[in-house]
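Peer 1: I'd like to ask some things about the structure below.
No value in this document is a laboratory result; all are computed from the given coordinates. Just so it is clear, the model here is predicted, and its values are computed rather than measured. Neighbour counts are summed over all protein chains in view; Cβ atoms, including those assigned to glycine, are modelled from backbone coordinates with ideal geometry.
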Amino acid sequence: MKLKTVFAAALVAAGLVAVGQASAQEKLTVWWVKGFYKAEDDALFAAIKKYEAKNKNVKIELSQYPIQDMIPKTVAALDSGNPPDVAYADTYDFQTTASWAYDGKLEDISSVINPIRSRFAPNTVETTFLFNNKAQTRTYYAFPIKQQTMHIQYWGDMLADAGFKESDIPTNWKDYWSFWCEKVQPAHRQKTGNRSFGIGQPMGVDSTDSFFSFLTFMDAYNIKLVSDSGKLLVDDPDVRKGLIAAVTDYTAVYAKGCTPPSSTSWKDPDNNVAFHNRTTVMTHNATISIAAKWLDDMNNAALTEAQRATAKKNYLELIKTAGFPSKPDGSKMTYRAAIKTGVIFKEAKNKARAKEFVSFLLQEENLTPYVEGSLGRWFPVTKTGQQSKFWQDDPHRKAVYKQFMDGTSTFEFTKNFRFTQLNNENVWAKAMNRVLNEKVPVDKAVDEMIARIKQVAGN
């Protein structure tokens, strides 16, 4: 009887210990955008598993959401005072990070960034050095994960069907766009009998592609909307003149019938879809996801052998990746890079562990597999990651590598956070649509755009 009692007491004690261990386990809530490819998510899961193995008293509660849901869910969580500890989305940088920093909603993570700052490539970590209006301080309020810039992608076989070779593509600005519009398009239509379009030009107000693409046209005219200190420069007559030139060039493609009529209402996937369907010979896109889709398909065991063979041919032979032509003044194009940022919130429940986890995730052996899991869609933010053999393995990724190695610039919102609102509104595409759908003169549409920029981002 006594033995049974002792045994029972031991079982109870063991149970209590187990309960104590469970209750002592820390919880770290992480919200992360759903990966574009399975390999991205697998790399994230692997990093989380490694972190938990190293920190057995910590349990990471990971929630993944589609990209379109991340900002609404995060904003709702902030409004309720219950944000996740760590959060990352591909759209935070364009739309929210700088604004959250300004409003004092983000945790200072300089203790994470400063020890590893030298590992980051130029014009990457600088994007996370943001101003907090409440604290009146500028410091690291976010962490960089990966980056993107604009690329040209075109069908080499459609170009050949039109009777042209790659060497026929002009390198100067004006001739380049007229080549696809006035030479390739009519020649391809005549040869194939298809209603193909020379260019896929994103113009939809609900599209990040449209403002990224337009801002690239703006960069071609060397327009600077804001100073390094955040002061607007839009009252400069040369800025207005450059904006008129950029809007004129961008909308001319549609006015000449060289892009599908639906381009003015395209959302982000639509130029990709048009390209994949061979509706357009060429398009510009802020990643090489167009080509990478076929890379993913050619290795997808769920597809038939014939489908995989088609995908392989498309990726390795038919689709080409290139940079933009020279600027109108003849100088080489400098690309603006969008640095994808994650954050730790000021009201996070477990900020110490959040910083520890972010530091762990940013280690090269964890970050590089995650970035490379995107199949080239995203480019690394670290110097070591950029020099990985991965970026020399095929012509698509090699083209991406070359563009970034030529140097990049940052977005306006890194200097004036209010440009996140202008991006959210997409004042750039609204101006295009005023010209094309409402027949407003370009100079008037530009003046309206400038007025709105001043209203939102004025000092």
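Peer 1: I need the calculated FRET efficiency for the pair A302 and D79, taking r as the beta carbon distance and R₀ as 56 Å, to the nearest 0.05.
Peer 2: That gives a FRET efficiency of 0.85.
Peer 1: How much net charge surrounds T410 when only the other residues with a Cβ under 12 Å from the Cβ of T410 are counted, with Lys and Arg +1 and Asp and Glu -1?
Peer 2: Charge balance near T410 sits at -2.
Peer 1: Here's something else I'd like to know. Taking H as built 1.01 Å from N, whose amide H comes closer than 5 Å to the amide H of F345, not counting residues under 5 places away?
Peer 2: The answer is E107.
Peer 1: Give the shape of region 282-353 as rounded, prolate or oblate, defined through the alpha-carbon gyration tensor: a ≥ b ≥ c are the square roots of its eigenvalues, a/c under 1.5 means rounded, and otherwise the shape is prolate if a/b is larger than b/c and oblate if not.
Peer 2: It is oblate, given that a/c is not under 1.5 and a/b is not larger than b/c.
Peer 1: Now for a separate question. What do you get for Rg/Rh over region 325-449 if you use C-alpha atoms and the Kirkwood form of Rh?
Peer 2: Result: Rg/Rh = 1.08.
Peer 1: Mean residue ellipticity at 222 nm from the helices of the chain, using -39,500 (n - 2.57) per DSSP H segment of n ≥ 4 over the full residue count, to the nearest 500 deg cm²/dmol?
Peer 2: So the calculated ellipticity at 222 nm is -14000 deg cm²/dmol.
Peer 1: Then there is this: For the residues C258, C181, what sequence is obtained by ranking on other C-beta atoms within 10 Å, fewest first?
Peer 2: C181, C258
Peer 1: How far apart, in nanometres, would the label points at T310 and N277 be if each is projected 7 angstrom from Cα along the Cα-to-Cβ direction?
Peer 2: 1.5 nm
Peer 1: Quick one: which of 210-222, 33-45 comes out on top by average Cβ neighbours within 10 Å, and what's the full order, highest first?
Peer 2: 210-222, 33-45
Peer 1: If we count every other residue with Cβ under 15 angstrom of K312's Cβ, Lys/Arg +1 and Asp/Glu -1, where does the sum land?
Peer 2: So the environment of K312 carries a net charge of -4.
Peer 1: Quick one: go through region 110-150 and flag any residue whose amide nitrogen is under 13 Å from the point 7 Å out along the Cα-to-Cβ line of Q387.
Peer 2: Answer for region 110-150: 119-121.
Peer 1: May I ask you to sort S262, S326, S229 by Cβ crowding, counting other Cβ atoms within 10 Å and putting the fewest first?
Peer 2: S229, S262, S326
Peer 1: Looking at the chain, what % of its DSSP beta bridges pair antiparallel, to the nearest 5?
Peer 2: 60 percent
Peer 1: Continuing with the same structure: State log₁₀ I(q)/I(0) for region 38-125 at q = 0.16, 0.20 Å⁻¹ as given by the Debye formula over alpha-carbon point scatterers of equal weight, solvent excluded.
Peer 2: Rounded to two decimals, the profile gives -0.92, -1.34.
Peer 1: Given R₀ = 51 Å, what would the calculated FRET efficiency be for D157 paired with S118, taking r from the Cβ atoms and rounding to 0.05?
Peer 2: FRET efficiency, D157 to S118: 0.65.
Peer 1: Nearest 20 debye, what's the magnitude of the dipole of the chain about its Cα centre given +1 on Lys and Arg Cβ and -1 on Asp and Glu Cβ?
Peer 2: 780 debye
Peer 1: Most exposed first by the Cβ proxy, i.e. fewest other Cβ within 10 Å, how do R138, R418 rank?
Peer 2: Least crowded to most crowded, the residues run R138, R418.
Peer 1: Let me ask something additional. What distance in nm lies between label points placed 7 Å from Cα along the C-beta direction at S63 and S227?
Peer 2: 4.3 nm
Peer 1: Which length gain, in nm to one decimal place, applies between A46 and N194 when the Cα-Cα distance is subtracted from 0.36 nm times their residue separation?
Peer 2: Length gained between A46 and N194: 48.6 nm.
Peer 1: Evaluated at 10 °C with a viscosity of 1.306 mPa s, what Stokes-Einstein diffusion coefficient in µm²/s does region 34-87 have when Rh comes from the Kirkwood expression over alpha-carbon pairs?
Peer 2: 125 µm²/s
Peer 1: P(r) tail for region 337-388, what percent of Cα pairs lie past 16 Å?
Peer 2: 48 percent
Peer 1: Now for a separate question. Taking amide H positions as placed in the peptide plane 1.01 Å from N, state which residues far from V226 in sequence (5 or more) or on other chains have amide H under 5 Å from it.
Peer 2: Under 5 Å from the amide H of V226: L233.
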